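Only one structure is covered here, and it is reproduced in the block below.
Throughout, read-outs are computed from the coordinates displayed, never taken from laboratory work. Source: prediction; values computed, not measured. A quick note on method: Cβ atoms are made from the backbone with ideal geometry, for glycine too, and the neighbour counts reach across all protein chains shown.
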Amino acid sequence: MAKAVYPGSFDPITNGHLDIIKRASEIFEEVTVAVAINSSKEPLFTIEERIEIVKRVVQDYPNVKVDTFNGLLVEYCKDKDANVIIKGLRAVSDFEYEFQMASINKKLVDDVETLFMMTNTKYSYLSSSLVKEIARLNGCIKDLVPDELVPIVRGKFNL
Ligand code: PNS
């Protein structure tokens, strides 16, 4: 069985991410959730906070590890001896960007494969950006992120 890397900003991790992690952990021997340090986006949570939060919500999955990476994802995969990158696809709108990323990653390192998992339809509308927007506007983020994260995300907006 292959080792997989599930990369992302996880700013913050959502129930959609968690659903992919759980399903991937049932397919792969080991799944590393790789939290990107150098995201082009300005994150709400620091890298230390994002790692700590992800660790907390994946603690029940024994074959899921949490790590951080900087620089090219494929170089990280090579260093960790991982041959699969897992990406979640929510809708057709994700496809074009993800197809481009998968293609450039394949060009950079041929033996690391990107595998796409369809997001559970109940989370097809969900993104970290929407969670932040809703929380910022004092809306309800229950069911969008793990329950224990609700006060943490709201706390970032002094709610
Ligand atoms: O959760 P996100 O923000 O959609 O995650 C994007 C991420 C971190 C997976 C992507 O930006 C990434 O792989 N960054 C690392 C740099 C890299 O390897 N880019 C692809 C080749 S240009």
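Remarks
- The chain: DSSP helices with Cα axial extent of at least 18 Å and average Kyte-Doolittle hydropathy no lower than -1.0: 92-108
- Straight Cα distances below 22 angstrom link LYS3 to the lysines LYS22, LYS55, LYS65, LYS78, LYS80, LYS87, LYS106, LYS107, with same-chain residues fewer than 8 positions distant left out.
- Each peptide in 46-53, 120-127 receives the mean, over its residues, of other Cβ atoms within 10 Å, and ordering these scores from highest gives 46-53, 120-127.
- Each Lys or Arg adds one and each Asp or Glu takes one away; over the other residues whose Cβ falls under 15 Å from the Cβ of LYS87, this sums to -2.
- Three-way shape call for region 1-137 based on the alpha-carbon gyration tensor, with the a/c threshold at 1.5: rounded
- Take 56-64, 90-98, 77-85 and order them by the average number of nearby Cβ atoms within 10 Å per residue, most first; the result is 77-85, 56-64, 90-98.
- Overall form of region 80-145 per C-alpha gyration tensor (a/c, 1.5; a/b vs b/c): prolate
- A simple charge model with +1 on the Cβ of Lys and Arg, -1 on the Cβ of Asp and Glu and nothing else charged puts the dipole of region 1-78 at about 120 debye relative to its Cα centre.
- Neighbourhood charge, 13 Å Cβ-Cβ cut-off, centred on VAL109 and excluding it, Lys, Arg +1 and Asp, Glu -1: -2
- Cross-link reach is defined here as a Cα-Cα straight distance under 18 Å, omitting same-chain residues fewer than 8 places apart; for LYS41 the aspartates and glutamates meeting it are ASP11, GLU49, ASP94, GLU98, GLU133.
- Neighbourhood net charge (11 Å Cβ-Cβ; Lys/Arg +1, Asp/Glu -1) for VAL150: -1
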